[in-house]
Amino acid sequence: MKGLKSLTCGALVLALSAAAAQAATEVRIMWYSDGNEGEVLQDLVKRFEAQNPEIKVVVDNVAFGVVKEQLPVQLEAGRGPDIVRVVELKSPAKHWLDLRPYLKDAATFEKSFSNTLDWMREDGSNALPGFMTQLTITGPLVNTTLFEQASVPVPGEKATWDEWAAAAKKVADSQKIPIALAFDRSGHRFMGPAISMGAKIIGSDGKPAVVDDGFKAMAQRIADWHKNGIMPREIWGGVAGTTYKGANDEFVNGQVAVYFSGSWQVAQFSQKIKDNFDWSAVPEPCGPAACTGMPGGAGLVAVKYTTHPQEVARVMEYLASEPVVREFSERTLFLPAHQGVAAKGVDFKTSDPNVKKSLGIFLKATQTADPLALKMQSYRWSGPIYAAVVSRLGQVVAGEAQLSDAYARIEDDIKQKVSEASR
Amino acid sequence: MSTTIPGMRGQAFSLSSVLVLPFRILMGLLNAPMSAVQRRFGIGGVGAVFLAPNMLIFSIFVLIPVAINAAYSLTGGTAIFFDGRYFAGLDQYRTLLSCNDYTTPSTCLQDAFWQSVHNTAFFVIVQVTVLVLASLGTALVLNREMRARGFWRSVFFFPVLLSPVVVGLIWKWILQRDGLLNALLLNFGFERTLWLAERNWAMFWAVFVSVWAHLGFYALILLAGLQAIPRDLYEAAMMDGTGRLRTFWRITLPLLWPNLLVVIILALIRAVQVFDEAFVLTGGGPGTSTMFMTQYIYETGFAHVLRNLGLASAASILMGVVLVGLTALQLVVSNRRARKEAA
């Protein structure tokens, strides 16, 4: 009889827990990973689910291309995941959910990410659509072993772009490596150095006014550095249109003295380079106007078309909380966008001294970025500007066009895009 | 075949009758609806009824998308769906087609489009010529009596089995700055060459890789044609003392012509659509020297931050017109040939 009672109770518990599990509201996150952040997120989500059994969080790991190419179509159709991790935050801002009415403590949320909230909301809006999972900043990474072997001192803070190019050339010549200075083929990468040279990019009417003296000063350098062999032709001139190309493999193989890329490379360089050589991020090179990289990063945003915004807000509030952001940053080696976390410092979980040093330098660079560089992140026409710059300067590097033609084409391309998008 | 099934006493079932039985049952079941269809649509209409499911699927996946694409080419804006787009009439076509000098892409408003048109035209002419000649040569060699002929045939056919992206990646690993080819050259004391960053070399490799990847398929078609030529014609020519070259011109080539024609037209259509291997291999570069029409369409419609679906659709319609022209050419030529043979 006792056995029958236990059996009945057990069955009842099972049935109840099954019913509870069935009743749990499902929140789906569309997530892509550059490194180990997907695994870290899963751990964090498991903890959330343990504390909130009424909410089930499903993380759909997808390729970056899916987010880039398929998500916009889903959003336009009024569908999509509940939460999504994206890089392109501003142009789809109308599809993001304003979490403000659903958050327990909207004020803390806003205060924690106030620097970057404009990047993901429509101009003039005070919506709280999400938060940046990590900050990135463009900047140079240096093979310090090559510099040491060449007995060339690594240029210090406030060193100019010309000084950096000259030093890189000396190292490459001395060490017989093929690439002195490499730049990712990206308009975004180009823009920090251009702003350093005095480029203003945005006209007084708020429309793009890209080609000015500052812009020309950097474009001319890019062309010259390719002509005199400081930069390799196959990266900027090697592909067409807006195609991205980096020099990761070449840097990892010890063939690049200075690689202008960004903070997101740190984790993978640590994994791939190991102790083959020493490397480090260095302070941003300077022009007459500034010493700045371009900030950026990926954000986690709630989608307007979710059917359970309350639960979505709870997940977001948990993931954006200070201890969670701290753990996420420490384990993924990403720079935190949470101002409280950044202010208190992050103890990155790594034994690689190159990583600690580099992240420290990049973290400092995020705090000293030029206001225009920050503004470009939330500027509506940034995308078309980057696309025009990279495709036209690529043609110059490949020997297909003169700089003067490229300037005219850059202006035309942007005008066409602006007029098409404004109608 | 009349195998008696063991264990079946008193009845002589053959295997063939057992196999045919389900078919008979099925036909019996279909008999009533087929008769109804015939009564309703007449004998001529039965064909249309059979064709209808296929046409329905073809319409959903081909005709309707083509119509939507054509409609997009008459609109502008950056929205994905029609309700957010404005009617632009023929503006997108005007944008594409406005040039001061069509032979100089830099004088065109959409210079990248015209650059891609020039590159595609060059690629089509060179690649198709090389591909057809190489396929013919390979088929002629593989048709000869030789040791391990099956193995050699499979060697040439193997690249056809590979995905175009894999083909592009393999050759990229070979041709990049630190690739296999440069490693070999450096080993033998030669200079390193940037195979994919020099304009002419990049186009050469785009053509070469494309020929390498597709040669086996076309060689197979030609090999089938060669094997269909009666042996006795060659024996007669040999007895007459005809030379090899003359035999080739007078017997092989005329009798192989229908297959050769199919190969030329298929290769032409495929070359106009070139994208995957070339995109993976060269990314359209250096500069825009290997950017083909399909890449222009992809870049304009999908890769740019603000998608210009109208312009991309207009470009794809123009490309479609070229492809329809080539297909019509194939139809005309094959019909003419069929009529000649019938006569």
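The values are calculated or read from the model by the stated rules, or taken from the named source; none is laboratory data. This is a predicted model, so every value here is computed, not measured. Don't worry about glycine lacking a Cβ; one is built from the backbone with ideal geometry, like all the others, and counts go over all protein chains shown. Keep in mind that these areas ignore ligands, DNA and RNA; they rest on the heavy atoms of the full protein, side chains included. Shrake-Rupley method; radii C 1.70, N 1.55, O 1.52, S 1.80 Å.
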Which whole-number percent gives the relative contact order of chain A, counting Cα pairs below 8 Å spaced six or more residues apart? 24
Using helices alone, I'd like the mean residue ellipticity at 222 nm for chain A: each DSSP H run of four-plus residues gives -39500 (n - 2.57), total over residue count, nearest 500. -14000 deg cm²/dmol
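When the solvent-accessible surface of protein heavy atoms is calculated with a 1.4 angstrom probe, in what order do B:163, A:270 fall, highest first?
B:163, A:270
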What list of ³J(HN,Hα) values in whole Hz, one per residue of segment A:61-72 in order, does the Karplus curve 6.51 cos²θ - 1.76 cosθ + 1.60 (θ = phi - 60°) give from phi, with Gly and Pro shown as x? 7, 10, 6, 4, x, 5, 5, 6, 9, 9, 4, x
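Which of the helices in chain A, when you take each full DSSP H run, stretch at least 20 Å along the axis at their Cα atoms and have an average Kyte-Doolittle score of -0.5 or higher?
Numbers: long enough: A:2-23 (31 Å, 1.09); A:37-51 (21 Å, -0.61); A:161-175 (21 Å, -0.75); A:213-227 (21 Å, -0.85); A:353-367 (22 Å, -0.09); A:382-397 (22 Å, 0.96); A:403-422 (28 Å, -0.73).
Length and hydropathy pass: A:2-23, A:353-367, A:382-397.
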Express the carbon and sulfur contribution to the solvent-accessible surface of segment B:202-330 as a percent, rounded to the nearest whole number, probe 1.4 angstrom. 70
The set of residues whose placed amide H lies less than 5 Å from the amide H of residue A:240, leaving out same-chain residues fewer than 5 positions away, is B:284, B:285
Counting only residues 5 or more apart in sequence or on a different chain, those whose built amide H sits under 5 Å from that of residue B:75 are B:88
Would you kindly find the accessible area of residue A:90, with a 1.4 Å probe and non-protein molecules such as ligands, DNA and RNA excluded, rounding to the nearest 10 Å²? 30
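Heavy atoms only, 1.4 Å probe, whole protein assembly: order B:129, A:138, A:307, A:243 by accessible area, highest first.
On the way: B:129 75, A:138 0, A:307 120, A:243 30 Å².
Of B:129, A:138, A:307, A:243, the descending order of accessible area is A:307, B:129, A:243, A:138.
Please compute, for peptide B:78-89, the average count of beta-carbon atoms on other protein chains lying within 10 Å of each residue's beta-carbon.
Numbers: counts 7, 2, 6, 4, 0, 1, 1, 1, 2, 0, 2, 0.
Average neighbour count from other chains, rounded to a whole number: 2.
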Can you tell me the relative contact order of chain B? Whole percent, Cα pairs under 8 Å, sequence separation 6 or more. 22
So how exposed is residue A:272, as accessible area in Å² (1.4 Å probe, rounded to 10)? 110
Going by accessible area, probe 1.4 Å, with all protein chains left in place, what is the ranking of A:49, A:122, largest first? A:122, A:49
Under 17 Å from the Cα of residue A:364 - aspartates and glutamates, other chains or at least 8 residues apart: A:157, A:284, A:330, A:347
Near the amide H of residue A:57, under 5 Å away, which other amide H atoms are found, from residues 5 or more places off or on another chain, if H is placed in the peptide plane? A:27
Segments A:356-363, A:293-300 sorted - mean Cβ within 10 Å per residue, highest first: A:293-300, A:356-363
Semi-axes of segment B:214-300's equivalent ellipsoid from the Cα gyration tensor, sqrt of 5 times each eigenvalue, largest first, rounded to whole Å? 41, 12, 10
What average number of partner chain Cβ atoms lie no more than 10 Å from the Cβ of the residues making up B:300-308? 6
In peptide A:228-237, how many Cβ atoms from other protein chains are near each Cβ within 10 Å, on average? 3
Which percent, to the nearest 5, of DSSP beta bridges fully inside chain A are antiparallel? 60
In whole Å, what is the distance between the alpha-carbon centres of segment B:13-64 and segment B:313-337? 32
What is the distance, in nm, between label points placed 7 Å from the Cα along the Cα-to-Cβ direction at residue A:349 and at residue A:209? 5.0
DSSP beta bridges in the protein assembly as shown [antiparallel fraction, %, rounded to 5]: 65
Distance between modelled label sites at residue B:29 and residue A:91, nm, 7 Å Cα→Cβ extension: 5.4
Take each complete run of DSSP H in chain B, measure how far its Cα atoms stretch along the helix's own axis, and keep only those covering 18 Å or more with mean Kyte-Doolittle hydropathy at least 0.0; list them. B:15-58, B:111-142, B:149-161, B:199-228, B:253-272, B:309-342
Less than 24 Å apart at the alpha-carbon level, and either on another chain or at least 8 residues along: which lysines does that give for residue A:304? A:56, A:68, A:90, A:94, A:104, A:111
Solvent-accessible area of residue A:30 with every protein chain in place, 1.4 Å probe, in Å² to the nearest 10: 20
Once every DSSP H run of n ≥ 4 in chain B is given -39500 (n - 2.57) and the sum is divided by its residues, what mean residue ellipticity at 222 nm do you get, rounded to the nearest 500 deg cm²/dmol? -23000 deg cm²/dmol
Past the 29 Å Cα-Cα mark, which pairs from A:46/A:349; A:170/A:415; A:245/A:272? A:170/A:415
